[in-house]
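As C-alpha cells, the structure follows; a few thoughts come after it.
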Amino acid sequence: ENYCLQAALVCLGVLCHSQAFTMERRGHLRPSFHGHHEKGKEGQVLQRSKRGWVWNQFFVIEEYTGPDPVLVGRLHSDIDSGDGNIKYILSGEGAGTIFVIDDKSGNIHATKTLDREERAQYTLMAQAVDRDTNRPLEPPSEFIVKVQDINDNPPEFLHETYHANVPERSNVGAYDRGDPSACIVGGTSVIQVTASDADDPTYGNSAKLVYSILEGQPYFSVEAQTGIIRTALPNMDREAKEEYHVVIQAKDMGGHMGGLSGTTKVTITLTDVNDNPPKFPQSVYQMSVSEAAVPGEEVGRVKAKDPDIGENGLVTYNIVDGDGMELFEITTDYETQEGVVKLKKPVDFETKRAYSLKVEAANVHIDPKFISNGPFKDTVTVKIAVEDADEPPMFLAPSYIHEVQENAAAGTVVGRVHAKDPDAANSPIRYSIDRHTDLDRYFTINPEDGFIKTTKPLDREETAWLNISVFAAEIHNRHQEAKVPVAIRVLDVNDNAPKIAASPESFICESDQTKPLSNQPIVTISADDKDDTANGPRFIFSLPPEIIHNPNFTVRDNRGSYQGSYAFREVEMKNKWLLYYRAQ
C-alpha cells in the first residue's frame, strides 16, 4: 500500500508541473485585488509569480453603506492588449444582480449591501470572449467571493426569560476579587443560560461571548465563560425572601468596550428545606369540657406554627405528661396542622374539676443537614377545666329487693329507695312509682323520703313476686330523672288449711285364717296445702273423733309424705264401713 501511495503522489506532481508550464506559455485570465494603495479602495494586490497566478477567492466587507458600489476586484486576461476586442463575462451566484462586471475593464462591483449572516460566500464564473463573435478566448474560471464579517449582531439568549429553583441555604463558592460578579469555584449551580452570536466565530472576537450579572447581586453570580448561575450569598432564607429576579448579560468582543450585548431575565425561586422547628405561639392553652361530654368528643385545638411548607412543615402532636393522660387524647388534623384534644374517658365535676396536660409538637421529617438547628419540637401546657352539668339523680343501688308478709294491712312499709343529686347544687329529690309497672296499685311511695308502702293486703298464693319501677326526679328540673327496678317478695303465712283429695272407694274381701287382713294397707289418701312448705306439708293424718275408737281401722302416717293410708286391725270384717278421716 505504501508503494502505491508513493507512485500516485509522483504522478500527481508531474501533472501539476505540466499544467503550470502550459499556463505560463498561454494567455491567462487573472484577477486583480485592489489594495489600500489605490485611492478610495480596499483590498489586496497579488504580485505575479514566474509560474502564473494563484487565486481562487475575493473578499468584500458586509454591511457596506457607502454611496458607490464596492469594488470587489478586477479580472484581466494576458491576451488583452487594451484595444477593446475582449469582453469579460460574469456568471454564477448573484451575477447581474448583486455582482456586476465592466465587460471592458473586468472590474467587479457589489451593487447591494451584503449580510454575512444571510450568506457567507458566492461562487462565480468568469470568462474572456471575443467581443464581436463571442468566441471564448480562454476556458471559464471559477472563483469565490467571501463576505467578510463585521460585528453587527448582538448576542441573543435562547429564551427571553428563564425560571429556576434552588434550595434555600445552599452552599456558596469563592469569588474573583477583581470581579465579584464572577464565581470561580464552588457555589450551588442554579441554571445555565446560553446566548448565541450570529457573527463569524472564526474571524476576530465578534462572536466571543462573556457573561456577567447586571441584577441579582449579592445573592447570585454567573460564570463568565459558561453562563452557569450559582448561589453567592450564604444562608439565603426562603421564609425571609422566596423569589429573586436576576438579569444576565452576554457581551461579544470578549466583553471588551465596544462589544454588543444582549440580556435575559432569570426568576429564581428558593425551595424549602426543613430548617425551622415548630413553635407554639403561646405557653398555655385554656380549655373546658362538660362532665356530660361523651368519649370521643372534641375538647379543643392547639397549633404549633412552622414556617416551612410541604412535608417540611408537617407536625404531629402527642401528650407526654400530665394528670389527665388517662382521660384525654390528642390526634393530628393534617389538613389544618392542628392538634385536636379529645375526651378519652368520662370526667366528673364532683370528683375532679381541672386537669393539666403537656402537649408536644414535633416535625415528621427532619433534614440531617440542619439537625444543629433543632430540636425540631416544642411543648405547651394545656389546662382543661371540667364544667358542672345538671345530671340526673343517682340511686344508691342499681336495684332493690324488699319483702312483705302476705295479708299485711294496707300502709305496711315494704322498704325504701334512696337517690341523690350528684351536682354541687344537691337539688331535692322527688320519688314516684311507674304506674305501668303497678297497674293494680298495690303500692304507694312517699315522694320525699322514698318509703314504699302497701295499699292493700297481698296474697302470696296469688302472686309471690311483684316488680315495680321507681322514678327519682329533681324538684327544680323534672326532666332530670332516674329510674330503678324494685323487686318485692311476698312472704308466706299459714293462712290455708290442707285440702284432702277426692275420697277413694275401696273394697276388701272377708278374711280367713290362711290370709289374715290385719295391718294390711287397703287405701292411700293424700292432701294439698297452698301455703309454702314452711307452713304446709308435712301433714298429720288422723281419724275424726266420732270414729277414732273404731277397732277395725287405723291411720298410719307415712312420715315425710303428703299421703296417709288405712289398715285393718281386725282379721275379720263382715260389714261395709263408711270411713271419715282428716289431715292437719
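Here are the numbers:
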item	result
Positions within segment 342-383 being in contact with a strand residue (DSSP E or B) (Cβ under 9 Å, 6 or more places away or on another chain), closer than 21 Å to residue 332 by Cβ and among the acidic types (Asp, Glu), in sequence order	360, 378
Residues that are open to solvent by 30 Å² or more (accessible area, probe 1.4 Å), under 49 Å from the mean Cα position of the chain (by Cα) and either more than 17 Å from residue 351 (Cβ to Cβ) or at pLDDT below 95 (or both), drawn from segment 383-424	383, 387, 388, 390, 391, 392, 394, 424
Residue 215, sole failed condition from (1) surrounded by fewer than 20 Cβ atoms within 10 Å (Cβ to Cβ); (2) more than 18 Å from residue 161 (Cβ to Cβ)	(2)
Strands (runs of 3 or more DSSP E) enclosed by segment 383-434 - at least 1 residues per element that are among the acidic types (Asp, Glu) and more than 17 Å from residue 479 (Cβ to Cβ)	400-405
Which numbered condition residue 258 fails, given (1) on the phi > 0 side of the Ramachandran plot; (2) modelled with pLDDT of 95 or more; (3) small (Gly, Ala, Ser)	(2)
Residue satisfying condition, being free of Cβ contacts under 8 Å to residues at least 40 places away in the same chain, of a type in the set (A, V, I, L, M), open to solvent by less than 50 Å² (accessible area, probe 1.4 Å) and not in a loop (DSSP other than H, G, I, E, B), within set 468, 452	468
Index of the failed condition, residue 463 passing every other in (1) of a type in the set (S, T, N, Q); (2) open to solvent by less than 60 Å² (accessible area, probe 1.4 Å); (3) touching a residue at least 40 places away in the same chain (Cβ under 8 Å)	(3)
Criterion: among the β-branched types (Val, Ile, Thr), over 30 Å from residue 394 (Cα atoms) and surrounded by fewer than 18 Cβ atoms within 10 Å (Cβ to Cβ) - qualifying residue of 315, 284	284
Any hit, segment 359-369, residues being assigned to a strand (DSSP E or B), farther than 14 Å from residue 312 by Cα and either open to solvent by 30 Å² or more (accessible area, probe 1.4 Å) or in contact with a Leu (Cβ under 7 Å, 6 or more places away or on another chain) (or both)	yes
Matching residues, segment 432-449, being under 60 Å from the mean Cα position of the chain (by Cα) and loosely packed, with under 13 Cβ neighbours inside 10 Å	435, 436
Only listed residue being free of Cβ contacts under 8 Å to residues at least 12 places away in the same chain and either within 19 Å of residue 171 (Cα to Cα) or assigned to a loop (DSSP other than H, G, I, E, B) (or both), chosen from 240, 198	240
Flag for residue 482 being part of a strand (DSSP E or B), under 58 Å from the mean Cα position of the chain (by Cα) and on the phi < 0 side of the Ramachandran plot	yes
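The values are calculated or read from the model by the stated rules, or taken from the named source; none is laboratory data. The shown structure was predicted, so the numbers you read here are calculated from the model rather than taken from an experiment. Reconstructed Cβ throughout: ideal geometry from the backbone, glycine too, with neighbour counts over all protein chains shown. Note: areas computed on protein heavy atoms with side chains; ligands, DNA, RNA excluded. Shrake-Rupley method; radii C 1.70, N 1.55, O 1.52, S 1.80 Å.
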